[in-house]
Structures are given as C-alpha cells and as structure tokens.
Amino acid sequence: MQLEELFAKLLQEPVARMSDETSPKTVKQWDSLKHLDLVMALEEKFGVTFSAAELTSLSSLGAARRLLAQKGAPV
C-alpha cells in the first residue's frame, strides 16, 4: 500500500485527492483523532517510531513522506 492509499483509507477520501499538499487544511476529516490514527498506522506500516517533536511536524502527506524518508523507510 502506498502512502497516498494509506492516507486515503484513513481519511475516507479518494486516492486521487491525495497529494503532498494534503493536510488538515485541505481535508475536513483530518482532525486530532485522525492525526493519531495516521501516526499509528505510519509507525506500524513502516516500522518506525516518531518522537513528540516529530508528531507536530507531520502536518501534511508530503511532510510525512519526508520524515519517513529521513528514517530510511521506503516511501
């Protein structure tokens, strides 16, 4: 499952709407609870752990992609 598909599934949006600019500002369903769901799903799928500081930097799909790449995850 690609990153866009993971975000689309959790945010209940079409994959076609997912891009690096996808954020809480562009997706109404992305609230604080969904943010935690996304974080947990990313950690499980990619075998990484995010610090508290990193959690706040996950402000978009693109930011998640960059952070995962920094951790060596194949994104």
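Within region 36-54, being more than 18 Å from Q2 (Cα to Cα) and surrounded by fewer than 13 Cβ atoms within 10 Å (Cβ to Cβ) holds for L36, T49, S51, A52, A53.
Checked across region 13-35, the condition of being modelled with pLDDT of 95 or more, exposed (fewer than 15 other Cβ atoms within 10 Å of the Cβ) and on the phi > 0 side of the Ramachandran plot holds for no residue.
Of all residues in region 61-75, one or more are among the hydrophobic types (A, V, I, L, M, F, W, C), surrounded by 12 or more Cβ atoms within 10 Å (Cβ to Cβ), outside any helix (DSSP H, G or I) and touching a residue at least 12 places away in the same chain (Cβ under 8 Å). Working only within region 13-60, note down all residues that are assigned to a loop (DSSP other than H, G, I, E, B), closer than 21 Å to K71 by Cβ, out of contact with any helix residue (DSSP H, G or I) (no Cβ under 8 Å at 6 or more places or on another chain) and charged (D, E, K, R). Within region 13-60, none qualify. Pairing residues of region 13-28 that are more than 8 Å from G62 (Cβ to Cβ) and touching a residue at least 24 places away in the same chain (Cβ under 8 Å) with residues that are small (G, A, S) and open to solvent by 60 Å² or more (accessible area, probe 1.4 Å), at Cβ distances under 9 Å and at least 6 apart in sequence or on separate chains, gives S23/S59; P24/S32; P24/S59.
The values are calculated or read from the model by the stated rules, or taken from the named source; none is laboratory data. No experiment lies behind these values; they were computed from the predicted model shown. Counting neighbours? That spans all protein chains shown, and the Cβs are built from the backbone with ideal geometry, glycine included. When the accessible area is computed, the model is the full protein with side chains, heavy atoms only, and any ligands, DNA or RNA have been set aside. Shrake-Rupley method; radii C 1.70, N 1.55, O 1.52, S 1.80 Å.
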